[in-house]
Amino acid sequence: MTDYTYTLLIPLIPFLVFVAVGLGGHKVKPVVSGLIGTSGLGISAILSYMTAIKYFFSAHVAGAPYTALKAFEVNWLHLTDKLTINLGILLDPISVMMLVVVTTVSFMVHLYSLGYMKGDPGYYRFFSFLSLFSFSMLGLVIATNIFQMYIFWELVGVSPFLLIGFYYEKPSA
């Protein structure tokens, strides 16, 4: 079995971009925050392509079914001896393909938004929210259990709310 621990970086990079641009985006030129967000998603997309190639071509024995594997797992809450909640990354054929789809579409949206949001006063805030949305979708795709899926499902719900409410100070919106 090959090592897939680097897949932790795929959702982690958009989360770090969300935090960095959200906290420090107002201190740099707007285009810099957009480039940080776009390049972060570009790196996540490249890592997801590498994961797909590795999963579908390198680690697969011809004729055998694809196996689900946990690339990363950490014990998050240890409530009792029999009740623990883990967080991790589950890779199976569907989640690997969805990693590719989500990172590719998110990268394209980030790339388009570089020009579309040009001149907007909340440029950095928009890219921060967009990175949170990407992180949420990636977390939903790689969830190892129902609790982790619920957390990311709620984040996927909050993210469009933030993006839709982006123009809260415009009366026309």
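The values are calculated or read from the model by the stated rules, or taken from the named source; none is laboratory data. For clarity, every value in this text was computed on a predicted model and none was experimentally measured. FYI the Cβ positions are ideal-geometry reconstructions off the backbone, even for glycines, and counts take in every protein chain you see. Side chains included, ligands, DNA and RNA excluded: accessible areas come from the protein's heavy atoms. Shrake-Rupley method; radii C 1.70, N 1.55, O 1.52, S 1.80 Å.
Things worth noting here:
- Inside segment 2-17, residues that are of a type in the set (S, T, N, Q) and surrounded by 17 or more Cβ atoms within 10 Å (Cβ to Cβ) make up a count of 1.
- Pairs linking a residue in segment 69-81 that is within 14 Å of F147 (Cα to Cα) to a residue that is of a type in the set (D, E) and open to solvent by 80 Å² or more (accessible area, probe 1.4 Å), with Cβ atoms under 6 Å and 6 or more positions apart or on different chains, do not occur.
- Every pair of residues 6+ apart whose Cβ atoms lie under 6 Å, when the first sits in segment 143-171 and is over 30 Å from G122 (Cβ atoms) and touching a residue at least 24 places away in the same chain (Cβ under 8 Å) while the second is open to solvent by 50 Å² or more (accessible area, probe 1.4 Å) and of a type outside the set (S, T, N, Q): A143/M149
- As a summary of the residue check, V101 satisfies the conditions (1) more than 21 Å from V19 (Cβ to Cβ); (2) open to solvent by 50 Å² or more (accessible area, probe 1.4 Å); (3) at pLDDT below 95 except for the one numbered (3).
- Which listed residue is at pLDDT 85 or above, assigned to a loop (DSSP other than H, G, I, E, B) and of a type in the set (V, I, T), from T80, T38: T80
- Hits in segment 18-61 - residues which are of a type in the set (A, V, I, L, M, F, W, C), under 21 Å from V105 (Cβ atoms) and open to solvent by 20 Å² or more (accessible area, probe 1.4 Å): F18, L35, I36, I43, I46, L47, M50, I53, F56
- Test for Y6: is it of a type in the set (F, W, Y), touching a helix residue (DSSP H, G or I) at 6+ places or on another chain (Cβ under 7 Å) and free of Cβ contacts under 8 Å to residues at least 40 places away in the same chain: no
- Verdict on N86 being farther than 19 Å from L140 by Cβ, modelled with pLDDT of 85 or more, assigned to a strand (DSSP E or B) and not small (G, A, S): no
- If the condition is being out of contact with any Ser or Thr (no Cβ under 9 Å at 6 or more places or on another chain), in a helix (DSSP H, G or I) and not hydrophobic (A, V, I, L, M, F, W, C), then segment 1-26 contributes only T5.
- Complete set of residues in segment 108-159 that are under 14 Å from G34 (Cα atoms) and aliphatic (A, V, I, L, M): M108, V109, L111, L114, M117, L130, L132
- Qualifying residue in segment 116-126 (condition: at pLDDT 90 or above and open to solvent by less than 10 Å² (accessible area, probe 1.4 Å)): no
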